[in-house]
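Everything on this sheet refers to the single structure shown next.
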Protein chains: 2
Amino acid sequence: MEWIIKAEEFDPDKVEWNGTRFLLGNGRIGVRGTLDEYGKDQCVAVNMAGVYDQVEGKWREPVNAPNPAYTYILVDGERYSLPDREPASHQEGLDFKKGIFFRKTLFITPRGRVEISSERFCHYSYGDLICMTYHVRADFNCEIEIYTGIDNEIWDLNGPHLKNTRLYEEDGVLISANETQEKKIPVATGEKIHVDFRCERQVIQENDKILHRLTFIAEKDREYSFYKFMTVEKGPGAAERAKSAALDFYEKGYEMLYLDQVSVWGKSWDESRVEIKGNEEDETRINYCIYQLKILAPRFDKDLSVPARGLSGQTYKGAVFWDTEMFILDYFLYSDPEVAKTLIEYRIKGLKGAKIKAKEYGYEGAFYAWESQEDGFDACSDYNVTDVFSGRDMRTFFRDKQVHISAAVVFGIIKYIKATGDTTILKDGADELIIECAKFYDSLLLKKVHSDKYEIHDVIGPDEYHERVNNNLYTNLMAKMVFEEAIKLLEEGELRSRFEDDYKHIFIPTPNKDGVIPQFDGYFSLEDATLDEVRSRILNPKEYWGGAYGVASWTQVIKQADVVTALELFAQEYDRDILKANLDYYQSRTEHGSSLSACMYGLLHLQLDEVEKAYPFFEKTSTADLVQGGKQWAGNIYIGGSHPAAAGGAYQMMIYGFLGLSFEDGKISMKPRLPKDWEEVKIRLKYRGNVYEIIEEGKRGTCTKIG
Amino acid sequence: MEWIIKAEEFDPDKVEWNGTRFLLGNGRIGVRGTLDEYGKDQCVAVNMAGVYDQVEGKWREPVNAPNPAYTYILVDGERYSLPDREPASHQEGLDFKKGIFFRKTLFITPRGRVEISSERFCHYSYGDLICMTYHVRADFNCEIEIYTGIDNEIWDLNGPHLKNTRLYEEDGVLISANETQEKKIPVATGEKIHVDFRCERQVIQENDKILHRLTFIAEKDREYSFYKFMTVEKGPGAAERAKSAALDFYEKGYEMLYLDQVSVWGKSWDESRVEIKGNEEDETRINYCIYQLKILAPRFDKDLSVPARGLSGQTYKGAVFWDTEMFILDYFLYSDPEVAKTLIEYRIKGLKGAKIKAKEYGYEGAFYAWESQEDGFDACSDYNVTDVFSGRDMRTFFRDKQVHISAAVVFGIIKYIKATGDTTILKDGADELIIECAKFYDSLLLKKVHSDKYEIHDVIGPDEYHERVNNNLYTNLMAKMVFEEAIKLLEEGELRSRFEDDYKHIFIPTPNKDGVIPQFDGYFSLEDATLDEVRSRILNPKEYWGGAYGVASWTQVIKQADVVTALELFAQEYDRDILKANLDYYQSRTEHGSSLSACMYGLLHLQLDEVEKAYPFFEKTSTADLVQGGKQWAGNIYIGGSHPAAAGGAYQMMIYGFLGLSFEDGKISMKPRLPKDWEEVKIRLKYRGNVYEIIEEGKRGTCTKIG
């Protein structure tokens, strides 16, 4: 299979997208797949997981570190860099088996051809390390100057985040030492170079850069190479550590670090890769999804979870959403349960903040952050979208009305315990967390004075285009699930009785005569405009479809699976006919404007054994970062970046859907329904401490413990 | 006192405002105070009370009849009309003692001076009659052509409403016969002219006009006059009646009709005028307010109530709002109880529609129309304001969330019975109406599952800038009042117990430590921006301050008295300190962007004997139509026209406030608090079948039955 994805030519319109597609990461840092010579205008970022900062009056978001890989060359005094110079040929890409970004570019100069190439990786064994090698060759004798070092001109959405910057050289290491604006967290980048040819060397500072200048007369056809060991550190002593770590890695040498990278990635793939005989394209897609999940997994740090755009940048404030528990977690449950545990622990630690948030809104219990940053701090603003027409911030209700987040946290815990059998987290805080979430939903319940139905009003469900609705099916079902889980944890008593009463009376919207369940009260009386009609009303390509006056807001057109998500999760409680009716009804009304949408359709179709209907959704969710064209804007807000939830959804479709795996009490069972052209699927996964290889060919599946 | 208001010069920027300020009417038709030669661009309107029409896709609104008073002249072949020709002098105005509009204009032509003058009145004894006389004089011999007749080019906001138009002359009467678009209601205008000088006469049709052309050689300094008898008819046979009535009135002659007009207005003033010794300006203002109320009173028709912009045009769809019961009714209670009864009967007739509306929204009982047209039909659209930035219709919630309207209807009935002692309306439908409104509020009540407070969520209170709020003080107090009134009407039984339970448990927001009551849940946590700050954020002078993203929506700045209105109505239930604290707090946060606001502040100040603080609000509410500068736009929607609720509020301030009149069980008592410069106030009013003259001078008031 093809473990390499690449661009075979230079296209200035793909710079931002390639940066995401060819993303590197190791869970602590993400390095965008941008070229060595790029700067902030080309969306270069060395994204730091869990380091957040706020510039007054702007959104709080993760910090991008100064870029230590910045490099460009001059040939006979002329600069040859993209995107300003037209290359004769160019390729760039990602070897996602090894986690290595590469590029090769040929320029034709007045006197001859110059080729530059480089490789770069975020080291998978060392959270603070980025390595690179860079090569240049000319087919004529010429003077070459190489500039390489640290670029402190940082791409920020809501920056600048770093201040008190010091750029200096110490013990042969270039260092950028900084502090964040808000909490004054030290952030440092170090860079140690190894040059294996003779040249004149100087360290210079220009603008916000500290650079080596390597000057030499290049001989025709000889390749000149150098190697860089780059460190990204945070916290007290960051600058000192950036230096000492860079020196340590320099001592290890590029070759050894490279072999280690290949080996550790190889081991990781041995425990999680998917092979699909019959469709190599799908094989590449699903493994690429797994790659995207691997690079954002918090493997070095305990206090982290997974941002909705991974480590691809600052979109969505680098915050953790329901994506983690509902879409992403499952991959880690069956590949890296330690990471899964970290994700759960992150929420347990966030309980304190969730209680404070509940109180802030006059509720009891725990109301989790919609956009969770460190310690569960809710970074979500009341004004989250900009009106493209007036330029004004729009009052949005994601923070205060998207109450289903607390249920997602509970749902994640339940999945974790079921998959791992690890009940210790209950006494380590998950027990209290579940009960506090139940208290939260209990305090949300309303009843009409003369009715005995308990309702939940004024919420936003998964479909964000419809604000402030009553009795959203998904929300009410999830709240009911939380009551059920809390009851299991409680002894007889007042609180348990209360939740039992809630469980019994909570109103779950019911199907109409056609079997379709309204997404919320009054949904069917909204204008039943087609998706095309709604799209045709758009006046500005960047305008937000939702909010109070969006083109979709008062129609039945929805952003993403909502009832379908609810039914996917609770399918066992509904007849097949109901599931089919809702899939049909909502499919034609769903924009799939969220990358969380396709997989839920796909999964529900697979529950109905509708493999052919499911397959296009697999294609969509597994290529969210492999094809260009996702939404980059919500109002005037940039929302580009990677889509780990879509990748996680693809993984769920693979294991739960196509393979029909289920995991009960330590046993794995299989109910496969493969697309026609998939002759054989082989998957490695971890379950209850062992690695399994599961092979499904035709209808005879095998499951073998291999480690 | 000055019974005449006028403009002493021509100002093209005041054309629309003067049309409203100098408005004529008799309850069946309103004729704007526009000049004879004006057309649709100058907002000419012959507004027909209670005749509504809808053009497909547009708002339903009252029909303007073809204008039979259209007149202009040519002198030596040159047209002399405003606004196209600069006059040498001009005056126009209203004698509101007699209900007569007049104008006098002097033009200087190349050969000399030409003066035209005219008078016009809507006859107060004949609902279908408009009379006018027109005079022209030149100070040189010249050829004059007069064109006068019916102009079918109609000013419409959402027209055109008339079709199948036939313009013809029959038996000497010019006739415009038409049908409305929606219900094909015949609408006809007739015009019979009496010319008292010799001229060449022709009838011509040009564009949408049928006109007499009178041509003559005018002798120097001689005045040439003619008289017109104009009829406006609706319904089957309208054209025939327009003709025969015009002929009948022609027979009566201008002089007799004029004397009758003066006499009937005189009698009306004898039963309702106010005299203020010491401040003639205030005397003019209050009587002008009374004039504005007199001209819209439905005295000829039983199925009408009072539109929020009177008969001044099509603003607000010519619909009846809560203005009628809360602001306007009181004048009629004490001047024309028959009209008051008509207003109540209009609501009783609308009960059927109110029940249908309640059902439409899933409620029980009667949910009255927010914008009530004939038979209580709710003309309110879900999209009532246009976004000036995107040009899109904004989803507004006036129709579905402004639930306090049903309580206003009940409140009006209670006031009517108290003032008139007429309980017969109870058995004639008001009884059922009150109980159905109580059922409506009962079905709105929500409770948190573990609380025993009954709440009302998701409403708009009087302050329309804050949408979809919970527990609006005004709404909850009014709902409680409805329960109380329904309980009084019911025998022991399930329904009565239910309302008693509701009455007991309904949540009434309470004062904070400073004595201020939040307008709704969470009001105090909104941004506490000053009015100036909010105003400074405006980007477009026509933009709407409310809605989801308006400049006021997420601040504490409110459009109009809301808590203050609630406290004004229920002042007896609150301590003086609370009343003062709320007046203070809300005053600085109130835009007074509604003409319903000032009088409520004024009335509450007067309840606290704060005459000096109250007076500026009297000035504001009594001059709503006398000073230019009210809001003319909400988004891109025209909202100009007269303000009868402000006039009604001025009347309430006069009788309840300054005079401190109260009416209990047939007795009038007085607790005056007059502004310093009001030496004596004398007011005529009707109470329980008698006319009283109430005189207050200093502290010794007298109340004398005079008829």
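Phi angles of the range B:27-41 translate, via the Karplus equation with coefficients 6.51, -1.76, 1.60 and θ = phi - 60°, into HN-Hα couplings of x, 9, 10, x, 10, 5, x, 10, 6, 3, 8, 6, x, 4, 5 Hz per residue; Gly and Pro are given as x. Applying Stokes-Einstein at 4 °C and 1.567 mPa s to the Kirkwood radius of the range A:4-271, computed over alpha-carbon pairs, gives a translational diffusion coefficient of 69 µm² s⁻¹. A straight Cα-to-Cα reach below 25 Å connects B:K220 with the lysines B:K104, B:K228, residues fewer than 8 places away in its own chain not being considered. Extents of the range A:467-615, taken as max minus min of Cα coordinates on every principal axis and listed largest first, are 58, 37, 30 Å.
Take the cross-link list A:K352/A:K427; A:K418/A:K631; A:K488/A:K580 and give me the ones stretching past 24 Å between alpha-carbons.
Working: A:K352/A:K427 16 Å; A:K418/A:K631 35 Å; A:K488/A:K580 32 Å.
Pairs exceeding the cut-off: A:K418/A:K631; A:K488/A:K580.
Interface burial in the range A:549-569 reaches 40 Å² or more for A:Y549, A:W554, comparing the full protein assembly with the chain by itself; accessible area from heavy atoms with a 1.4 Å probe. Each residue was assigned an accessible area with a 1.4 Å probe, and for A:S553 the value is about 10 Å².
Measuring r between the beta carbons of A:S669 and A:E223 and using R0 = 51 Å, the FRET efficiency lands at 0.40. Relative to the 2.2 N^0.38 Å rule of thumb, the range B:1-140 has a C-alpha radius of gyration ratio of 1.12.
For B:Y383, the amide hydrogen comes within under 5 Å of the amide hydrogens of B:T396, counting only partners 5 or more places away or on other chains and with H modelled in the peptide plane. In order along the range A:310-322, the phi-based Karplus estimate (6.51 cos²θ - 1.76 cosθ + 1.60, θ = phi - 60°) of 3J(HN,Hα) comes to x, 10, 8, x, 10, 3, 6, 6, x, 9, 9, 10, 5 Hz; Gly and Pro are listed as x. Packing, as the average of other Cβ atoms within 10 Å across residues, places the peptides B:487-499, B:25-37, B:269-281 in the order B:25-37, B:269-281, B:487-499, highest first.
Residue order by solvent-accessible surface for A:S525, B:S335 is A:S525, B:S335, largest first, with ligands and nucleic acids left out and a 1.4 Å probe.
Solvent-accessible surface (1.4 Å probe) assigned to A:Y258 amounts to roughly 50 Å². Put simply, the amide H of A:S89, placed in the peptide plane, has neighbours under 5 Å in A:L106, leaving out anything fewer than 5 places away on its chain. Legend: residues B:S381, A:S406, sorted from most to least accessible area (1.4 Å probe; ligands, DNA and RNA excluded), read B:S381, A:S406. Taken residue by residue and averaged, Cβ atoms of other chains lying within 10 Å of the Cβ of A:494-506 number 1.
Taking a 28 Å limit on the Cα-Cα distance, which of the listed pairs A:K184/A:K302; A:K349/A:K480; A:K58/A:K401; B:K183/B:K415; A:K341/A:K682 fall beyond it? Long pairs (Cα-Cα over 28 Å): B:K183/B:K415. In this assembly of identical copies, the label point of A:I639 (Cα plus 7 Å along Cα-to-Cβ) is separated from its counterparts by 3.2 nm, sorted shortest first. With θ taken as phi - 60° and the Karplus curve 6.51 cos²θ - 1.76 cosθ + 1.60 applied, the whole-hertz 3J(HN,Hα) list for the range B:281-291 is 5, 5, 4, 4, 4, 5, 6, 5, 4, 4, 4 Hz, x standing for glycine and proline. Look at the alpha carbon pairs under 8 Å that are at least 6 residues apart: their mean separation over the length of the range A:273-705 gives a relative contact order of 18 percent. For the range A:290-425, the direction-averaged projected area of the alpha-carbon convex hull comes to 8.8 nm².
Ordered by 1.4 Å accessible area with all protein chains kept, A:C703, A:C43 run largest first as A:C703, A:C43. Fraction of C-alpha pairs exceeding 59 angstrom in the protein assembly as shown: 35 percent, rounded to a whole number. Across the copies of the chain, A:N164 has label points (7 Å from Cα along Cα→Cβ) spaced 8.6 nm apart, shortest distance listed first. Along each principal axis, taking the top coordinate minus the bottom one, the Cα set of the range B:143-293 gives 55, 52, 29 Å in descending order. Placing dummy labels 7 Å off each Cα toward the beta-carbon, the span from B:L489 to A:N141 is 10.9 nm. Residues whose amide H lies under 5 Å from that of B:I506, counting only those 5 or more places away or on a different chain, are B:Y454; hydrogens are built 1.01 Å from N in the peptide plane. Building the convex hull from the alpha-carbon atoms of the range A:433-505 and averaging its projection over directions returns 5.0 nm². About its Cα centre, the protein assembly as shown has a charge dipole of approximately 960 debye under the convention of +1 per Lys or Arg Cβ and -1 per Asp or Glu Cβ, with nothing else charged. Give me the Debye-computed log₁₀ of I(q)/I(0) at q = 0.08 Å⁻¹ for the range A:273-705, equal point scatterers on Cα only, no solvent, two decimals. The computed values of log10 I(q)/I(0) come out as -0.42.
Does anything in the range B:109-144 have its amide N under 13 Å from the 7 Å Cα→Cβ label point of B:E200, and if so which residues? Residues B:143-144 qualify, since their backbone N sits under 13 Å from the label point. With contacts taken as Cα pairs under 8 Å and at least 6 residues apart, the range B:453-516 reaches a relative contact order of 34 percent. Here the Debye sum runs over all C-alpha atoms of the range A:339-486 as equal scatterers in vacuum, and log10 of I(q)/I(0) at q = 0.17 Å⁻¹ comes out as -0.95. Between A:P298, A:G350, B:Y38, the Cα set farthest toward the positive side of the dipole of the protein assembly as shown (charges on each charged residue's Cβ, about the Cα centre) is that of A:G350. A Förster radius of 35 Å, combined with the Cβ-Cβ distance separating B:K682 from B:K418, puts the computed FRET efficiency at roughly 0.90. With the helix formula -39500 (n - 2.57) applied to DSSP H stretches of n ≥ 4, chain A reaches a computed 222 nm mean residue ellipticity of -8500 deg cm²/dmol. Label points for A:R201 are taken 7 Å from Cα along Cα→Cβ. From this copy to the others they lie 11.4 nm apart, shortest first. Each Lys and Arg adds +1 at its Cβ and each Asp and Glu adds -1 at its Cβ; summed about the Cα centre, chain A shows a dipole of about 600 debye.
The values are calculated or read from the model by the stated rules, or taken from the named source; none is laboratory data. Worth saying up front: this structure is predicted, and the values here are computed from it rather than measured. Glycine gets a Cβ as well: all are built from the backbone with ideal geometry, and neighbour counts include every protein chain shown. With ligands, DNA and RNA removed, areas are computed over all heavy atoms of the protein, side chains included. Shrake-Rupley method; radii C 1.70, N 1.55, O 1.52, S 1.80 Å.
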